[in-house]
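First comes the structure, then the notes that go with it.
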Amino acid sequence: MGLRRLLGLGGDGGDPPEIDTRIATFAPQPGQRIEGEVLLRGGSAGLKVEGLYLHVVGKVLGWNGSVEDREWAYLSPSRSYLDVAPGTEERIGFHGRLPWDCPITEVDGRTVGVDLSLTTTLSSGPQRSVRDIDLVHVAAPPLHEAVLSALRVEGHRVADAQLLDSGIPEVDLRHSWIQTFHLEDGTGVPSSEVTFVNNPVGAMVYVRRAARHLTRWDEKPPAVPFPVAHHETGEVDLGPRVREALDQLDRLRY
């Protein structure tokens, strides 16, 4: 976001304090480490920090059309309590690891329309807090790229993706919300949807017919699952697995 002036937190008159959160890790993938720093400037009167909190937050679409912020990860600052003297600045490093179920914002270097951000909340006493919000760019792991590439060969290309407030029946998820990729055919007509349940070993991939107007998993058309391991990426041709899933979709009734 760039430097944000913290009006009202540094006393009356003069230059206000400023905050700027800077993400140093470029386009991390789920499961990878993310680092950066928070720059604080004391302004004319200085700044007392009584809490510094960093959360990776995504905007999730609910069944009723509402959009809410949901937390995916907490990043640890090196310091959370400090005084920034007038006319000086402090740099607080932070780090953490994106969870394996962290949403993906880019596929093949192209944005998929998912709103994911790092929200830095600074507390300066009771009922005195401000937030600095910065976009987080998360790249698709090689497994996701390989599956989506195989689907593209079969005529299904990624249009965009959504974060949906829905679990998957009989599947143990860390959160009750998921990311779904919407695919379309060569003419731009919605054709199918793909959801990845990712973990350190690989992913269970779910493919179904397109049903963008529905949010809840159990209301959508039935899905065909198939597993892919991370070590298979680049070593195994996923084309037959994808074609078999698409053939099963054609045979399913809905």
Put +1 on the Cβ of each Lys and Arg and -1 on the Cβ of each Asp and Glu in the chain; which of Ala146, Val84, Pro227 then has its Cα farthest toward the positive end of the dipole? Val84
Beyond 24 Å, what share of the Cα-Cα pairs of segment 71-194 is found? Please give it as a whole percent. 45
Rounded to one decimal in nm, the spacing of the 7 Å Cα→Cβ label points at Thr111 and Arg174 is 2.5
As a check on your grasp of the helix formula, calculate [θ] at 222 nm for the chain: sum -39500 (n - 2.57) over DSSP H runs of n ≥ 4, divide by the residue count, round to the nearest 500. -3000 deg cm²/dmol
Note, ³J(HN,Hα) from phi for segment 143-152, Karplus 6.51, -1.76, 1.60, rounded to Hz, x at Gly and Pro: 4, 5, 4, 5, 5, 5, 5, 5, 5, 5
Could you state the angle between the C-alpha long axis of helix 239-251 and the longest principal axis of the C-alpha atoms of the chain, as a value from 0 to 90 degrees rounded to the nearest 10? 70
Charge context of Asn199, other residues only, Cβ under 13 angstrom, K/R +1, D/E -1: -1
Shape call, segment 142-251: gyration tensor on alpha carbons, a/c limit 1.5: oblate
Suppose every K and R has +1 on its Cβ and every D and E has -1 on its Cβ; what is the size of the dipole of segment 6-86 about the Cα centre, in Debye to the nearest 20? 260
Would you work out the relative contact order for the chain, in percent, from Cα pairs under 8 angstrom that are 6 or more residues apart? 16
With +1 on the Cβ of every Lys and Arg and -1 on the Cβ of every Asp and Glu, the dipole magnitude of segment 142-251 about its Cα centre, in debye rounded to the nearest 20, is 180
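Values quoted throughout were computed directly from the atomic coordinates according to the rules given, and no laboratory measurement underlies them. Treat the numbers as computed from the prediction; the structure is a model and nothing was measured. Backbone-built Cβ (ideal geometry, glycine too); neighbour counts: all protein chains shown.
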